[in-house]
1. So which residues in region 297-311 are over 18 Å from P166 (Cβ atoms) and either assigned to a loop (DSSP other than H, G, I, E, B) or of a type in the set (V, I, T) (or both)?
2. Find the residue count for region 312-330, including only residues that are assigned to a strand (DSSP E or B) and either surrounded by fewer than 17 Cβ atoms within 10 Å (Cβ to Cβ) or among the polar types (S, T, N, Q) (or both).
3. Are there strands (runs of 3 or more DSSP E) fully within region 85-200 with at least 3 residues that are over 30 Å from F56 (Cα atoms) and in contact (Cβ under 8 Å) with a residue 12 or more places away in the chain? List them.
4. Do the conditions hold for I102, that is, is it under 21 Å from W327 (Cβ atoms) and modelled with pLDDT under 95?
5. If we keep just the residues of region 190-207 that are of a type outside the set (A, V, I, L, M, F, W, C) and under 19 Å from the mean Cα position of the chain (by Cα), which is farthest from I267 (Cα to Cα)?
6. Which condition from (1) free of Cβ contacts under 8 Å to residues at least 40 places away in the same chain; (2) among the small types (G, A, S); (3) within 16 Å of S113 (Cα to Cα) is the one that S62 breaks?
7. Can you tell me how many residues in region 165-189 are within 17 Å of A266 (Cα to Cα) and of a type in the set (D, E)?
8. So how many residues does region 145-185 have that are among the hydrophobic types (A, V, I, L, M, F, W, C), surrounded by 14 or more Cβ atoms within 10 Å (Cβ to Cβ) and within 20 Å of W226 (Cβ to Cβ)?
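The values are calculated or read from the model by the stated rules, or taken from the named source; none is laboratory data. The shown structure was predicted, so the numbers you read here are calculated from the model rather than taken from an experiment. FYI the Cβ positions are ideal-geometry reconstructions off the backbone, even for glycines, and counts take in every protein chain you see.
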Amino acid sequence: MIARLDSGVVKELREALPRFAHVPLAHLHHLKSDQRLNYWLDEITHSLADENSIGFGSMAASAVNGFIIYNDSPWDSKITGQRIGTINHLAIIPDDRPNTEILHALIDMLLQSLVKRGTQCVVCKVQSDETAAVHALEQRGFLLMDTLMDFVFDFSRTPLEKISLPKREPELKIRRAVRQDLPALMAINEKAFGAYFGRYHADRQLPPGAATKIYAEWVRSALEGWADWILVAEVDDKIAGYGLWRKPLEIEAKNTIRVAHYDLAAIDPEFRGRGLWTALMLDGMHIAREFAQYIIGPVHVANYPVQYSLQKFYWRSSGARHSFHKWLKP
């Protein structure tokens, strides 16, 4: 039986979640099981607290054995002009029955509700090893847009002093960004992301130019407080690159998850190959060391130069996530 979920189900889920196939924060191998469970419960509670959320649970013998939770994505919707939302949770308890039966029922029930609401596009990100969920999404018309690899740096395994630092050009300067830098950062975005290969660019149903605009608004939001520190690289006093970083999120700090986030970096194509990305990364890592034990950063599966550079600095690939989009017909 499929039934609506609300915040009252969280207490019941506490006992059931350890039996689910999904492993939250799978890329952070050091976490204790209680940390993962409490973090996941906080995530679910936060998702269901949103008045626009939609949640459904699969019930067997009066117990939840699968659930799906959707939230609107106002930021993406505003930028693209399309009503977009995200499936933030899709999980089941493996049993003797075919997993696809429960997954299909949950997805179908959600999609029916979203069509009535007027949602135009649904996004869902799942770990690459969750094959049952991946197949169920594809069988329900979701299309793979991209794959992100999760890289992790552990300060306890590799002190920064052990990293061989390349010599910097004397003309290169790394500093904190200020609001007056925004026009220069926007110009870099146009050059760096105009023909990028992320999920926004891969989705041909998004309006022309929407993908690049999303990256531009990402930087604008970062300067308005979304990021905790932004570093810019200057060559002969000209801004030629930047990197966005964040401290542990509130939900992470609450659960004693000491991670920093490397979110985005871009280099003016004119200045590539001159060590700017390396300098931005290493200076950002020095700042993160003050309050984090780990740094996590997503890298596109096809972005081989960044993957290679991160591994030189002892970052480790710890997992991957697929991003799916489905456009709904009224």
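1. Applying the first criterion (over 18 Å from P166 (Cβ atoms)) to region 297-311 yields 297-304.
Within region 297-311, V299, V301, A302, N303 qualify.
2. At the first step, the residues of region 312-330 found to be assigned to a strand (DSSP E or B) are 316-327.
Now narrow it down to the ones that are either surrounded by fewer than 17 Cβ atoms within 10 Å (Cβ to Cβ) or among the polar types (S, T, N, Q) (or both): 316-318, 323, 327.
So the answer is 5.
3. Numbers: elements: 121-127, 143-154, 172-176.
Per the criteria, 143-154, 172-176.
4. Values: under 21 Å from W327 (Cβ atoms): no; modelled with pLDDT under 95: yes.
Taking the combined requirement at face value, the residue does not satisfy it.
5. Taking region 190-207 first, the residues of a type outside the set (A, V, I, L, M, F, W, C) are 190-191, 194, 196, 198-201, 203-205, 207.
In the following step, the residues that additionally are under 19 Å from the mean Cα position of the chain (by Cα) were identified as 196, 198-201, 203.
On the way: Y196: 13, G198: 16, R199: 20, Y200: 19, H201: 18, D203: 24 Å.
If we take residues in region 190-207 being of a type outside the set (A, V, I, L, M, F, W, C) and under 19 Å from the mean Cα position of the chain (by Cα), then D203 is farthest from I267 (Cα to Cα).
6. S62 satisfies all of (1) free of Cβ contacts under 8 Å to residues at least 40 places away in the same chain; (2) among the small types (G, A, S); (3) within 16 Å of S113 (Cα to Cα) except (3).
7. 1
8. 5
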